[in-house]
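Q: Questions regarding the structure given below will be posed in turn.
What follows is calculated from the coordinates using simple rules that are stated; it is not laboratory data. Keep in mind the model is a prediction, meaning the values are calculated, not measured. Virtual Cβ from ideal backbone geometry, glycine too; neighbours counted across all protein chains shown.
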Amino acid sequence: MTGCVLIVSDDAQVHQPLRSILEPHGFEIHGAGSLAQADACLAGLPVALVLLDARWPDALAVTRQWREGSSVGIMLIGDDTDRLAALECGADEYLVQPVQPRELLARARNLLRRVNPPVPMDTHLKRFAGWTLDTGRRRLKAGDGRETPLSHGEFQLLNVFMRNVGLTLSRDQLMDQLRNREWLPNDRSIDVLVGRLRRKLQDNPADPELIITIHGAGYLFTAAASLAA
């Protein structure tokens, strides 16, 4: 799968290698060297994937801003020390430099498949605890009508929880049920995703009601879902 990719960096040594890897494989590449340019591209182009230089000023804050308002795929590229912070801010992927061409291509294609999956014939609205999950558009709707986009990781995790209501799932069990995601040893990404999902569900982490931490065991989801009419 190819698509429209936005590379956000003011460093030609970051931008040009990424372009040279992706463009021959049919990706439509656009570049932005400032936040204003990036926002203009996101508003005016069918961008499916953003490659963001993690060393770019305020890269993490920008990631959080884009994730709050969009379901676009976001991949940060930088040093390994920033990887967990990037995931906490809503990034879908993190690629450590120096970039390996085959890894970039594989991750970009996989992320595009997750961001723009074929719409299933049995798309439904699922209701739980006052929330509605639009499985086709990957959005949460609150009781007052406000909609919140979910990243692919958040969406997958919520679906895993809804399939296992009332069961305590360990981190390993959760990782096994998440599709199309690569994990590293000692990775705390599950905790990051749970934290992000709790914030979007307004589930107080100090006293959660929907996603409960079972200390030493894992997480328990309490809300049964039903299909909306």
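Q: Take the chain, connect every pair of alpha-carbon atoms lying under 10 Å apart with a spring to form a Gaussian network, then pick out the residue of H215, H124, H25 with the largest mean-square fluctuation.
A: Comparing H215, H124, H25 in a Gaussian network model of the chain, the most mobile one is H215.
Q: Give or take rounding to whole Å, what are the principal axis extents of the alpha carbon atoms in the chain, in descending order?
A: 50, 39, 29
Q: Quick check: convex hull of the Cα atoms in region 4-115, volume per residue, rounded to a whole Å³?
A: For region 4-115, the hull spanned by Cα atoms encloses 89 Å³ per residue.
Q: Something else: Per residue of the chain, what 222 nm ellipticity follows from adding -39500 (n - 2.57) for every DSSP H run with n ≥ 4, rounded to the nearest 500?
A: Only helices count here, giving -11000 deg cm²/dmol.
Q: Choose one of T135, S170, S34: the residue whose Cα lies farthest towards the positive end of the charge dipole of the chain (beta-carbon charges +1 Lys, Arg; -1 Asp, Glu; about the Cα centre).
A: Sorting the options by dipole projection puts first T135.
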